[in-house]
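First comes the structure, then the notes that go with it.
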Amino acid sequence: MALKWLRDNLRHLKFILWGVVAVFILLVFVDWGGAGRSGPGAVADAAVRVGDTVVSRQDFLGQMRRFEQQYSRQFGDRWSEIRDQVNLYEETVGYFTNRILLLEEARRAGLQVADAELREDILNLPLFQDERGDFVGNETYQRILRGTFQMTPQEFERMRAEDLTIGKLTAMMQRGVWVGDADVERSIRREREVADFDVVMLPYERFLGEVDITEDEARAHYDATAEDFQRDEQRVIRYLVVETSRLRRQLPVEDGELREYYDAHRDEFVEEEQAQAAHVLIRVAPDADVEVSAEAELRANGVAKIARAGGDFAVLAAKHSDDPGSRDRGGDLGWFGRGRMVPEFDQAVFGAKPGDIVGPVRSQYGFHIIKVEGFKPASQRPFDDVVEQVRFRVLEGRASVEAERRARELARRLEAEPPVDDPGWQSIADEDEALVLNESPAVAVGEPIPGTGEGPEFTTEVFAANPGELHGPRAISRGWMVWQLKEILPEGVAPFEDVRLQVEQDLRRDKAIDIAAARAAELGRRWSEGGDAAALAEEFDGTLSEARDHRWGQPVGSIGPAAALDEAVFTGVEGAVTGPVLVGDRGAAVARVETLRLLGPDELAGERDAVRARLVAERAQLLLVAILNERRRDTVVSADEEFRRAFDRQG
């Protein structure tokens, strides 16, 4: 069954795979949040329906809270400032949509996870193992799940089974992907080969003053490049937004209200569980070779052995630790909550008991030997410590309600007395500091409208509207919006007058690049004859840069990445001048190759298997994205509007 699924999809998608733009973001492994779902018919408590699968409101809100907690840990105090820029509702809809489609695809391929597979997987997770590699026990297992994932064992095990199912789907995709030797060799060379060279760049801007164009030339260029100005039907909207962030600065709030909110929402101001630990870090780079890593691990094991035998941990840290921030304090890291440390360290500490010596634990920094000093349970944060957070939340909800009220009042006013021109719309916006007038760029079907925070679904509504019609109020991440379709740009080649400026700019640039290429050819000839590179760069108004230990794709001085220049250098000859090379639409360059360190057959052979495996994984992911894009076009994703509006009213 799996083979038939793979053949069907490969045959169906082989012509579109390499045209896929990965806009369908795979959030599958982002978070182990509650993703409880029901089959057809369970709609009473629905938040979102993906095809025939329903996501309950409880599970939806649980996942949305987890996303908010992630952002809060990531941005700290800045999260309250930028929260309005993140549409958590849409992000959560996307999470469930992607995950459900992946699971349906796996079931379509006949993939399942047996209970024994799930049990073995969980028992082998380092998070649930003690320092001897044994299972930590049911009590600690449940404590880790509650603290790290806010999940019951049943929820976690269901979610882990889904992850394993999706992993099987990914592995099956990889078995169906072929990568040829030429692609493997090209990838190895681009990662490993090194060149030293000097390059003189002649940017086209330096020659724009020498360019003249006529009306006839511009029209001829437009006629010759008409396909470049082909456009789908596009729409432009104007919209007024009552912004909640501006309203929060205007609305008053009494101290008593803040206290009342705090008392009613004490669970929102709980200090999470804290741990105190010390560590010895044996530093090793993430990309260190096997011998260096093995030596560091051997050293770390020695320190861990002494610590477990009763050695003074502070003395061990002072003598062996490569962490200057904690070494002089005996390795002490103080108190910290979950998510503050790198994941490997975090999991090791919160999965241990006070007094345990844990490790060595490998992270991006190296090997950690950790002494767990103790834990503090979650505790209530005093009102005075969180008063500003309370103020923000009180005003956040109030601002959302006030924004909706003002937006509805605005819509009634605009219906009764619609402005007749742009100045009329602007004068209305100027009456209220919380009101902002916007005009969108032209957008086509399926494109999101920048500034609204809405997805392509909103664009579909715009394309169903008639010019001049007023729509809204509509809740968006910034507040509440009232909008109007301002203009329809028909499908076809844009008229010359609409794109005249772009045509003239393109023609001037092309002519200036031609001049740059001719000058670069002359510069290269004189450089080959023994001319001084610095003097020639100055004479030709160019920029001389040195590239040392340069690899494919790396930026070169002020030029930046330049594929054509890389190709010329790595296929060039040591001591020779190569060029001129057209560097995209930026100008022309000439290079002198000093040294080339190219790979021989034996070196290529030694890396083929590892690189092939990586390329297979990358291409399998592209194929999976393509398949899911196809599935999504045939899948109806619907949201409960009452539930969505309730969420929007809460800010």
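The values are calculated or read from the model by the stated rules, or taken from the named source; none is laboratory data. Remember, predicted model here, so these are calculated numbers, not experimental data. Glycine gets a Cβ as well: all are built from the backbone with ideal geometry, and neighbour counts include every protein chain shown. Areas reflect the complete protein model, heavy atoms only, side chains present, ligands, DNA and RNA absent. Shrake-Rupley method; radii C 1.70, N 1.55, O 1.52, S 1.80 Å.
Just a few scattered comments:
- Length gained when the stretch residue 595-residue 488 is fully extended (0.36 nm per residue, less Cα-Cα span): 32.8 nm
- Relative contact order, percent, the chain [alpha-carbon distance under 8 Å, six or more residues apart]: 24 percent
- Taking label points 7 Å from Cα along the Cα-to-Cβ direction, residue 120 and residue 381 give a separation of 4.5 nm.
- Where GluC sites (Glu not before Pro) fall in DSSP loop in the range 544-651, at most 12 other Cβ within 10 Å: 574
- Kyte-Doolittle mean at least 0.0 and Cα axial length at least 18 Å: DSSP H helices in the chain: 290-308
- At an R0 of 25 angstrom, the distance between the Cβ atoms of residue 505 and residue 442 translates into a FRET efficiency of 0.85.
- Ordering of 532-540, 288-296 by burial proxy (mean other Cβ atoms within 10 Å per residue, highest first): 532-540, 288-296
- Relative contact order (percent, whole number), the range 445-593, Cα cutoff 8 Å, 6+ residue spacing: 16 percent
- On a per residue basis, the chain carries 52 Å² of accessible surface, using protein heavy atoms and a 1.4 Å probe.
- Relative contact order (%) - the range 276-435, alpha-carbon pairs under 8 angstrom, separation at least six: 26 percent
- Which of 203, 537, 435, positive extreme of dipole for the chain (C-beta unit charges): 435
- Cut-off 13 Å, label 7 Å out along Cα→Cβ of residue 266, residues of the range 372-386 by amide N: 379-383
- Packing-based ranking, highest mean first, of 580-588, 92-100, 420-428 given that Cβ atoms within 10 Å are counted: 92-100, 580-588, 420-428
- Gyration tensor verdict on the range 231-272 (Cα atoms; rounded if a/c is under 1.5, prolate if a/b is larger than b/c, oblate otherwise): oblate
- Shape class for the chain, computed from the alpha carbon gyration tensor (a ≥ b ≥ c): oblate, with a/c not under 1.5 and a/b at or below b/c.
- For the range 280-330: rounded, prolate or oblate by the Cα gyration tensor [a/c cutoff 1.5]: oblate
- Selection of GluC sites (Glu not before Pro), the range 204-279, meeting DSSP coil and at most 14 other Cβ within 10 Å: 233, 254
- Computed [θ] at 222 nm, helices only, for the chain once each DSSP H run of length n ≥ 4 contributes -39500 (n - 2.57): -15500 deg cm²/dmol
- For the chain, the number of Lys pairs with C-alpha atoms closer than 27 Å, counting only pairs eight or more positions apart or on separate chains, is 10.
- In nm, spacing of pseudo-spin labels at residue 73 and residue 417 (7 Å Cα→C-beta vector): 5.4 nm
- Label-point gap, in nm, between residue 469 and residue 136 - each point 7 angstrom along Cα→Cβ: 5.6 nm
- The trypsin sites (Lys or Arg not before Pro) found in the range 189-285 that occupy coil by DSSP, while having at most 15 further C-beta atoms within 10 Å, are 249.
- A Förster radius of 35 Å, combined with the Cβ-Cβ distance separating residue 622 from residue 428, puts the computed FRET efficiency at roughly 0.15.
- Ranking by accessible area, most exposed first, for 550, 320 with a 1.4 Å probe: 320, 550
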